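Worksheet: the structure to be examined is printed underneath.
What follows is calculated from the coordinates using simple rules that are stated; it is not laboratory data. Only a predicted model underlies this, so the values are computations on that prediction, with no experimental measurement involved. Glycine also receives a Cβ, built like all others from the backbone with ideal geometry; neighbour counts cover every protein chain displayed.
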Amino acid sequence: MIFASPRTCVALLSLPISIAFTPHRTQLPMASAPTWLSEPFCLPLSKSGPPPYCVWTSRDFRNGRGISIIATPEAANTLASSKWFMNAHLIANTSPSHSQPPGYQVTPLPRRGLGLIANSTYKRGDLLMQEAPLVLSSLSLENSHLGEREQGRLYRTATSRLPVASRKRVMGLHGHPDTTSVHDRFKANAFNVFDFAALFPAVARMNHDCRPNAAFYFDKHTFTQKIKAVRDIGPGEEITISCTSVPSTLAGRRKTDMSDVLTSIRWTDLSHYLPSAERSRRMHHHWGFTCTCHLCSSSTSQIAASDARLHRIRELEVLIYHAHSQPLASGTENTTDSTLLAEELFNLYKEERLDGALARPYDSLVAAWQNRGEGGRERARAYAEAGVKAARLWPGPRSAEGARMQSVLGV
Ligand SMILES: [Zn+2]
């Protein structure tokens with residue numbers, strides 16, 4: 001990926017575990033694999049004052065691939081006590097290795113640095129890659145009491161303690177090998193996972209596209225970032241992802257008030273809903289690059305048409321939210337038929353080529369047809385079937401959308 005300033009792609013997840021930890025304990029649990037290097041590196045060095053941020057490294061995690069965690073002792077203990085680490089040997093056996101399959105290759109691209117080019121055919125839904133993180137850094141570090149220099153030392157230590165092959169993968173990410181700091185590499189290439197910024201060096205090779213042909217989500221079961229094709233991809237085509245995010249579904253936010261929902265839509269970092277000019281401004285601000293994807297290189301009239309569709313999508317999602325939240329607000333039967341709105345929404349997603357986010361409008365379609373009662377049951381079920389497949393691409397089979405639509409199928 002060719003980004004050059006601090007922001008991370010967002011996976012929109014929260015840590016699903018709550019495990020008691022021992023404050024300031026710098027020894028991580030070692031009841032099972034992996035084993036941690038006995039001495040963490042902590043800053044500040046003084047024993048008094050606020051809790052330090054430390055680097056813990058395991059070199060045998062994931063069959064010798066290794067992992068480093070940068071966090072306070074409390075946060076690191078919570079993570080290291082989770083099933084992903086306490087039963088790491090089980091997880092390692094359930095997922096393929098991170099190694100690059102032969103279906104694509106890293107290739108230099110004009111004005112785009114390195115990118116992944118497919119050399120075989122992928123079908124929509126195919127798993128392109130899955131990779132466990134090499135470095136996890138607590139999101140709170142960026143705004144902590146530690147300065148840029150101290151944070152840089154933590155990132156350098158986290159990388160240098162990894163096994164040699166993994167260290168090379170981190171140092172091979174975008175940036176001059178001698179002049180670009182590890183910290184900068186991390187900030188330019190990391191993804192948000194739970195309360196951490198996570199580095200997946202192979203995934204980070206994928207360039208951004210505002211209408212990408214692949215999508216990612218973090219799979220809690222395998223502790224890996226999964227990349228799936230959202231359209232058919234042919235040989236010679238670049239595989240791209242979007243470092244934009246979609247707010248959590250309105251349907252899933254029925255208990256929040258509307259001002260919260262509107263704020264979420266409006267300000268979510270680099271949301272799909274953003275019009276072209278604002279999208280470009282934020283990309284430049286966050287990553288320091290000008291997007292040259294097909295959409296951003298389109299004619300002025302095509303970009304204006306795209307912006308109009310995005311505006312209508314935002315409008316429709318708010319209208320549908322209102323329609324579906326009426327029963328909860330009033331306790332009365334919902335008499336609004338939102339099926340036409342939901343169908344218009346679905347068509348706009350398709351027209352706008354938001355192929356990786358179709359679980360959203362499917363979810364709205366299912367809810368709208370369910371609201372019709374018995375008469376809408378068959379259609380709701382048909383849309384749920386398609387929606388469950390869409391959710392497997394993004395935001396994942398275990399997402400709220402996926403689970404909601406799966407429940408309609410009663411399986
Ligand atoms: Zn673009």
(request) Among S280, S140, rank each residue by its count of other Cβ atoms within 10 Å, from fewest to most, as a rough exposure measure. (result) S140, S280
(message) Within a 10 angstrom radius of the beta carbon, how do V388, V55 rank from fewest other beta carbons to most?
(response) V388, V55
(message) Using amide H atoms built in the peptide plane, which far-off residues or other-chain residues are under 5 Å from A214 H to H?
(response) V230, T240
(request) Please give the net charge around A305, taking every other residue with its beta carbon less than 10 angstrom from that of A305, where Lys and Arg add +1 and Asp and Glu add -1. (result) -2
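Let me spell out the model: positive unit charges on the Cβ of Lys and Arg, negative unit charges on the Cβ of Asp and Glu, origin at the Cα centre of the stretch 145-229. What dipole size does that give, in debye rounded to 20? Don't skip to the answer; put the middle values down first.
Values: 14 positive and 7 negative charges, 55 e Å.
Once rounded to the nearest 20, the dipole reads 260 debye.
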(request) Name the residues whose placed amide hydrogens come within less than 5 Å of the amide hydrogen of G115, ignoring near sequence neighbours (fewer than 5 apart) on the same chain. (result) T107, L109
(message) Could you list D337, D363 so that the one with the fewest beta carbons within 10 Å of its beta carbon is first and the one with the most is last?
(response) D337, D363
